[in-house]
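Q: Quick one: the structure is below, questions incoming.
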């Protein structure tokens, strides 16, 4: 017997059950204070505020460890807070003898900042951990509170790793950095205030690449005076990878 | 010196190292293989459904043999489609928050409802109305456990009188008509998510949602062509060449539109020549050369289009046509997967400084690895197998579906 629209009855019931379950479920599952301040649970603010404080802040460390603090403030690590390496130390400040903070002895912590990463700024000390004194804990040579060694780096690549990596696979691989840059002695120990000199005229490039230069025969030559006279060489050729024309 | 040499060797051994200047948070890609699999799967859902609607709404009778199969395929892929996202989230249980406390300004949150609408209202209802008569019959004929499964699936609506079935037909048609814009919405949204990211010049384009929809149609038709051929082979049935030719034709037309739109997008970007054009050109000629030029354009678009034209309009025996169609459809799948790859990965390879490129290395194992992606790509086929066992989409009593002599 034909019952008009009888197919829709079970579907309507299922739909009604689903909608009711959704509405009732929301009543129970959505936190009461949701939406009070914004699209989040308002109670969360109080809960976070009431959490136990784990970090003490570097100022507290000074009260007992003033010698280390002073040493660090003089060093390149002056901006690195004590708890960055030693971990949260609030408990230590409450009970110094009972709770002692971590002292990282291995190599894994230092490379978090000093491992080579192409996106880090040039000049920031970076190493390839697999090549740099493999297996030796960093602390053997570097005092973490004054990490700069008592002797200056011997290679430019110690800081300028990215430039060095690019240059070593380019046609300029065999050129010393000093071929183009005059590096004042102070730059090695205090790079931020004593900058390395950069070429300012085309003559530096011309000393090898000018058609009249006295250099090996295989080197590409141009007339430096007339070759794109309005531009400097490095406007188009990246000196550390001259094959790449910008 | 030894260090310098070793570093040189390391750099040579890794020619795909990041180049130029990139910001620290751009070194590693956050959207990886699983996010490629997701739009690929939803594209197949939308494509398969739109193909089914051609038969239902636009009365393309040649497609009758794949109508039900397309619906079940859409459902199978729809069930699996959210899994890559849930796996990528790391906290899949939090997806419920999207339904409980939806943020109306978030396209991603609103999509949860689009998805629920498409799955429950469009796909399930259409399949139910289309199969209702058969489900009632199977409930009466079958024995044992399956009898009760079918009885339950009828939901108590057991009237299969002529008038009642006519009503099923009418409402099924209405659902399909609603389903077409829903399918467009489903996959258009995925394109919308990328297209609306205005800070990313590779993604930010109003054309992206439309390109996504047409590439979805292309991938869906190609998938149905493959599934129809493979299932016919395993069932020892003759392939209906009328249907296959129609599928190939539709695939070709959809590909021409899709390729035309993508070409338009390309020309438009070139003509606009915004400040990002140099880094994008460098990315296409280096990082994306294989996946874009070779895999997407050459192997995934031009070669199958030529193969389809030759096979459809050339004078070849049916066997040859079938082989060419099959190869073309497989290449289309490779091409569409590459399209998704190029959108998702391409948008993250260049720095927002527009001065450098990073690299993407695929993991083999793990939640975001190759094996996981293969598993998620194969899972819908497993679901489809089960669905075809419960709701067989083919009528074996039909004299048109002739049995091949074993």
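The values are calculated or read from the model by the stated rules, or taken from the named source; none is laboratory data. Here the structure is a predicted model, which means the values were calculated and not measured. Methodologically, a virtual Cβ is constructed for each residue, glycine included, from the backbone with ideal geometry; neighbour enumeration extends over all protein chains shown.
Q: Collect the residues in the range A:23-77 that are part of a helix (DSSP H, G or I), within 12 Å of chain B (Cβ to nearest Cβ) and surrounded by 12 or more Cβ atoms within 10 Å (Cβ to Cβ), keeping them in residue-number order.
A: Matches in the range A:23-77: A:25, A:26, A:29.
Q: Just to be sure I understand, how many residues within the range B:141-153 are away from chain A (no Cβ under 14 Å), surrounded by 12 or more Cβ atoms within 10 Å (Cβ to Cβ) and either in contact (Cβ under 8 Å) with a residue 12 or more places away in the chain or in a helix (DSSP H, G or I) (or both)?
A: Going through the range B:141-153 one residue at a time, the tally reaches 4.
Q: Among (1) under 20 Å from residue A:237 (Cα atoms); (2) within 37 Å of the chain's Cα centre (by Cα), which single condition is residue A:221 missing?
A: Answer for residue A:221: the failing condition is (2).
Q: Then there is this: Just one of (1) within 14 Å of chain A (Cβ to nearest Cβ); (2) within 21 Å of the chain's Cα centre (by Cα) trips up residue B:107, so point out which.
A: The one condition residue B:107 does not meet is (1).
Q: Looking only at the range A:119-178, how many residues end up being closer than 20 Å to residue A:78 by Cβ, touching a helix residue (DSSP H, G or I) at 6+ places or on another chain (Cβ under 7 Å) and not in a loop (DSSP other than H, G, I, E, B)?
A: Qualifying residue count for the region: 1.
Q: Further, regarding this structure: Quick one: count up the residues across the range B:179-202 that are more than 25 Å from residue B:274 (Cβ to Cβ) and surrounded by 14 or more Cβ atoms within 10 Å (Cβ to Cβ).
A: 9
Q: Among the residues of the range B:21-59, what is the count of those that are more than 20 Å from residue B:343 (Cβ to Cβ), touching a residue at least 12 places away in the same chain (Cβ under 8 Å) and surrounded by fewer than 18 Cβ atoms within 10 Å (Cβ to Cβ)?
A: The qualifying residues number 4.
Q: Quick one: in the range B:154-168, which of the residues that are more than 8 Å from every other protein chain (Cβ to nearest Cβ) and touching a residue at least 24 places away in the same chain (Cβ under 8 Å) is surrounded by the fewest Cβ atoms within 10 Å (Cβ to Cβ)?
A: Across the range B:154-168, the extreme among qualifying residues is B:165.
Q: Within the range B:312-336, which residues are within 14 Å of the chain's Cα centre (by Cα) and assigned to a loop (DSSP other than H, G, I, E, B)?
A: none
Q: Next question, about the same structure. Which numbered condition trips up residue A:120, out of (1) within 14 Å of chain B (Cβ to nearest Cβ); (2) in contact (Cβ under 8 Å) with a residue 60 or more places away in the chain?
A: Unmet for residue A:120, out of (1) within 14 Å of chain B (Cβ to nearest Cβ); (2) in contact (Cβ under 8 Å) with a residue 60 or more places away in the chain: (2).
Q: Continuing with this model, one more query. Which of the following residues is surrounded by 13 or more Cβ atoms within 10 Å (Cβ to Cβ), at pLDDT below 90 and not assigned by TED's automatic domain parsing to the domain that holds residue A:78: A:158, A:184?
A: Checking each option against the conditions leaves just A:158.
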